[in-house]
Amino acid sequence: MTDHTDHPAPTDHDDAPPSADEALALIREQQRSVERKQLGGIPWILGIWAIAWGAGFFALWSGYDGGNPWFSIPLGVAGTIFGALIVGAIVVSAVVGARVGRGIQGASAFSGAVYGISWMVGSGVVFAIGIALTRAGADSAVMSLYYPAGYSLVAGLIYLMGAALWRSVDQLVLGIIIAVVGAIAPFFGAPTNNLVMAVLGGGAFLVAALVMQLSLSRGRS
């Protein structure tokens, strides 16, 4: 028995390739999707550094004579707290930065991996230079100004690099703020420079984390 059911004939419109504008829009949407995936771990990095800077530098401020007027922490303990927090933040940044590129091929994956490794390399360089300065005769007063400023410079430059890689205004502003805080904090002298780093540096990281997370959430909606 012959089936006489009528079927609509395919039209040229159904088989027509997307227009140039539609293809461009699709490419841009895919690019934004990749960028959101890459930037998804950055608020976590910012939050970790907000805790490390705020608590770490506050501990140092509380460890020096003439620092925290309400309570004090033995300087050795304060230094251990600061070191543990900074090392933890570096490790988390490296791991999250490397995971950012997981599942993404090509230059984007490479960018994420380099971003993560940069934290460890930059911080290691600051530490090595500090050892050299100490061996050359720099006293504790000088080193208490050098280390916060050095780590601040590294962090600021890394966020400026992130701003260039992912066209992120949030990271651009944060990088500038952190670099400027690192430059002006030594002028307050020790140990007040540590309080400046804790309040302005840690606060900047926290605000940036919240702003970037809100921005990414809006981008997904």
Among the candidates Val199, Val126, residue that is under 14 Å from Ala50 (Cα atoms) and over 12 Å from the mean Cα position of the chain (by Cα): Val199
Filter result (over 20 Å from Ser152 (Cα atoms) and aliphatic (A, V, I, L, M)) within the stretch 40-94: Ile73, Leu75, Val77
Phe205 vs. criteria closer than 30 Å to Leu75 by Cβ, exposed (fewer than 14 other Cβ atoms within 10 Å of the Cβ) and of a type in the set (Phe, Trp, Tyr): no
Which listed residue, of Ala204, Ala179, Ala208, is within 26 Å of Ala113 (Cβ to Cβ) and touching a Pro at 6+ places or on another chain (Cβ under 9 Å): Ala208
Of all residues making up the stretch 186-195, the number that are free of Cβ contacts under 8 Å to residues at least 60 places away in the same chain and under 15 Å from Gly56 (Cα atoms): 1
Subset of the stretch 88-123 (residues that are more than 14 Å from the chain's Cα centre (by Cα) and at pLDDT 90 or above): Val121
Where a residue in the stretch 131-146 is in a loop (DSSP other than H, G, I, E, B) and its partner, wherever it lies, is surrounded by 11 or more Cβ atoms within 10 Å (Cβ to Cβ) and hydroxyl-bearing (Ser, Thr, Tyr), with Cβ under 9 Å and at least six apart: Ala138/Tyr146
Flag for Ser123 being part of a helix (DSSP H, G or I), hydroxyl-bearing (Ser, Thr, Tyr) and more than 27 Å from Gly41 (Cα to Cα): no
Filter pass, Tyr151 being modelled with pLDDT of 95 or more and under 26 Å from the mean Cα position of the chain (by Cα): no
Leading residue by the ranking (surrounded by the most Cβ atoms within 10 Å (Cβ to Cβ)) among those in the stretch 144-187 that are in contact with a Leu (Cβ under 8 Å, 6 or more places away or on another chain) and aromatic (Phe, Trp, Tyr): Tyr159
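The values are calculated or read from the model by the stated rules, or taken from the named source; none is laboratory data. On a predicted model such as this, the values are computed, not experimentally measured, just so you know. Cβ coordinates were reconstructed from backbone atoms using ideal geometry, including for glycine residues, and neighbour counts include every protein chain displayed.
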